[in-house]
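These notes concern the structure reproduced below.
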Amino acid sequence: MMKSRMFVAPRALISRQSFLGYCLWSTVRAVSTLVCATFGAFVALRIAPADPLTMLAAGRQLDPALEAAWRLRYGFGQPILVQYLIYMHNLLQGDFGLSYYYAGKPVVALIEPALRMTILWQIPALALAIAGAIALAMTTANTRSRWVDSATNWLLLIGFSTPEFVVATVLVSIFALQLHMLPVAGVTTPIHFVLPSICMALPLCASLSQVLRNELTEVFQKDYTRTARAKGLSALRILTAHALPNAALPFLMVVSYQIGRCIGGAFLIESIFNIPGVGRLAVSAVLQRDYPVVLAVTVVMTLAFVASSLLVDLLAGFLDPRIHGSER
Amino acid sequence: MKIKRPFFCDTFAPALAVGLLVLTVLAGPFLVRQSPYQSEFAHVLQAPSLNHWLGTDELGRDMTSRILRGARMSLLIAATVQSAAALLGILVGLIAGYSNRMIDGVLMSLVDVMYGFPALVIVIVLVAVLPPGVPSLIAALTFVSWALPASVMRSKVMLLRNEEYVVAAQALGASRVRILFRHVLPNAIGPMIVLFTQGAAATIISESALSYMGLGLPTSYPTLGGMIAKGRDYLLGSPHVALVPTCALVLTILCINRLGNALRLHLDPRLQRFQN
């Protein structure tokens with residue numbers, strides 16, 4: 001009891017049982033995750049592989065003035081913690097460092113258009129996956145037919161077991177090469193994004209709909225659903241007013257975990273369809289041993305992941321007070 | 001009799017499939033005469049025939065032996081990675097579940113970070129830094145796989161530490177290590193088997209994805225992911241070069257996932273009731 005008096009902050013802020021405290025703790029956790037992950041990546045990619053200045057020089061004789069300027073700006077040769085702080089400081093001003101492979105070209109010039117491209121095609125893919133998952137789960141959750149049930153189970157298992165690049169290979173061979181309906185690769189028209197989005201969405205859709213389906217099945221067995229049915233409400237009304245809101249929260253949690261998978265999927269899909277996004281940038285940077293670019297992509301993806309998880313955590317806490325209100 | 005049938009269909013059949021798969025892959029060199037590396041430039045991109053059961057690839061190498069070799073490597077990597085991850089996870093889970101709140105808190109926040117974080121991003125960073133080869137690949141994949149076993153083990157230990165037989169062992173003066181390894185661990189091992197199976201499927205997916213992008217094993221080595229990537233160039237004329245390894249990969253993952261689901265149902269009576 002005495003221990004909690006040590007905090008000067010008001011009770012509501014530090015108590016995990018209030019919404020405010022919950023928000024605060026979630027944010028602290030998100031920020032510490034961000035710091036740990038970026039520090040780990042920084043140590044691995046800046047310090048371990050090679051001396052940055054040698055890599056930047058790439059065999060040429062560096063201009064001493066330029067070298068001194070880089071030393072000052074990026075803290076090369078300083079203690080690792082100082083280098084990290086300098087890196088983060090530069091990052092906040094939009095400076096991601098210098099590329100080794102492109103001999104000192106600012107990384108931000110590489111990553112900015114790539115990021116724009118990735119966001120452009122990932123949003124329709126994610127939307128497609130969520131819409132597909134909701135539709136599939138709603139049509140199959142309440143079925144009495146054992147055949148439909150069994151078929152859905154197998155379909156989901158197959159979807160779950162098929163990596164994105166396999167989906168891509170099969171779809172490209174059918175729709176692009178055999179039927180000539182869609183382009184094989186590239187980004188020139190919106191039509192070019194159809195196949196990548198579908199390849200991204202299908203495996204995602206399988207795992208999302210599995211969760212939503214289990215949730216809906218559980219909700220349909222609850223007393224309030226039976227009451228609603230007994231009152232004579234239509235199936236649609238039961239679904240939208242009773243079942244979906246109750247199944248939404250676990251679904252939301254899974255969506256936030258799946259965003260991590262989306263980020264990983266970007267590497268594959270972009271390599272396959274030749275989309276100049278961050279995933280393809282990262283893969284080519286790894287092959288070229290261009291560590292600053294790998295580091296920048298890692299930081300951007302970590303930021304995207306941490307921000308989306310935090311958002312979902314806060315939303316979940318807001319929608320369901322039981323998450324933070326319960327005594328534990 | 002009616003009780004035994006679901007067990008046969010749901011658990012035994014997938015187990016048999018996975019067993020056959022492992023057996024075929026291990027017996028590969030005895031089943032197929034051709035070497036996976038031998039090029040025959042006179043027989044490039046041949047369709048399946050009696051001589052080459054699954055055809056030949058763009059360098060005239062026998063697809064059957066290459067697929068068997070690639071699948072063997074995939075299974076070997078998956079088994080090694082999951083064994084290492086399970087050992088590490090069990091150790092962390094035991095320590096976290098049976099020690100004071102501070103150690104538990106530190107270990108679990110580490111696990112939370114590792115579990116949620118996009119695995120492929122970490123693997124790609126590690127692959128970029130480590131020297132290429134099988135040990136590095138195994139290390140990178142293990143690094144992203146131990147968190148889930150650890151968190152499951154910990155919650156299991158938390159439940160078991162209040163069981164009467166554990167309290168009795170404490171009262172008899174058994175040491176912590178003895179309690180953990182003789183009384184807690186044997187009763188918590190069930191979920192680990194399920195996680196091992198499901199994790200193996202996930203590892204095969206990650207490994208083949210890395211090989212597909214050219215970030216996994218060296219391209220000279222036959223891998224399923226690498227073969228699919230190469231086969232994409234020949235999809236129009238000889239689709240078997242990409243589609244045969246694709247089928248092999250999906251079937252492998254499917255069998256293992258199905259076994260994982262079956263084991264989960266079998267070991268968790270709560271889920272069984274729910275399904276029926």
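Across segment A:179-199, a minimum of one residue is classified as of a type in the set (Val, Ile, Thr), closer than 27 Å to B:Arg258 by Cα and within 27 Å of the chain's Cα centre (by Cα). All of A:Ile263, A:Ile259 fail the test of being touching a Pro at 6+ places or on another chain (Cβ under 6 Å) and within 14 Å of chain B (Cβ to nearest Cβ), apart from A:Ile263. Of everything listed in (1) in contact with a Leu (Cβ under 6 Å, 6 or more places away or on another chain); (2) surrounded by fewer than 21 Cβ atoms within 10 Å (Cβ to Cβ); (3) more than 18 Å from B:Tyr212 (Cβ to Cβ), the single unmet condition for A:His192 is (1). So which residues in segment B:204-248 are within 7 Å of another protein chain (Cβ to nearest Cβ), within 15 Å of the chain's Cα centre (by Cα) and in contact (Cβ under 8 Å) with a residue 60 or more places away in the chain, if there are any at all? Listed by number, the residues that qualify are B:Ser208, B:Ala209. Answer yes or no as to whether B:Leu265 is more than 11 Å from chain A (Cβ to nearest Cβ) and either touching a helix residue (DSSP H, G or I) at 6+ places or on another chain (Cβ under 7 Å) or under 25 Å from B:Val129 (Cα atoms) (or both). Yes: the conditions hold for B:Leu265. Return a yes/no flag: does segment B:62-82 have any residue that is under 30 Å from A:Leu287 (Cα atoms), touching a residue at least 24 places away in the same chain (Cβ under 8 Å) and not in a helix (DSSP H, G or I). Yes, because at least one residue in segment B:62-82 is under 30 Å from A:Leu287 (Cα atoms), touching a residue at least 24 places away in the same chain (Cβ under 8 Å) and not in a helix (DSSP H, G or I).
Mind telling me which of the residues B:Ala96, B:Ala84 ends up being away from every other protein chain (no Cβ under 11 Å) and under 21 Å from B:Thr197 (Cα atoms)? Exactly one residue qualifies, and that residue is B:Ala84. Annotation: of all residues in segment B:107-161 being under 16 Å from the mean Cα position of the chain (by Cα) and of a type in the set (Val, Ile, Thr), the one that is modelled with the lowest pLDDT is B:Val123.
For the condition assigned to a helix (DSSP H, G or I) and touching a residue at least 40 places away in the same chain (Cβ under 8 Å), A:Gly264 does not qualify.
The helices (runs of 4 or more DSSP H) found entirely in segment B:119-182 that carry 2 or more residues being within 30 Å of B:Met213 (Cα to Cα) and within 14 Å of chain A (Cβ to nearest Cβ) are B:119-129, B:134-143, B:147-160. Evaluated against (1) farther than 18 Å from A:Leu310 by Cβ; (2) away from chain B (no Cβ under 11 Å); (3) surrounded by fewer than 18 Cβ atoms within 10 Å (Cβ to Cβ), A:Val31 falls short on exactly one condition, (1).
The values are calculated or read from the model by the stated rules, or taken from the named source; none is laboratory data. Keep in mind that this is a model prediction, so the values were computed, not measured. Counting neighbours? That spans all protein chains shown, and the Cβs are built from the backbone with ideal geometry, glycine included.
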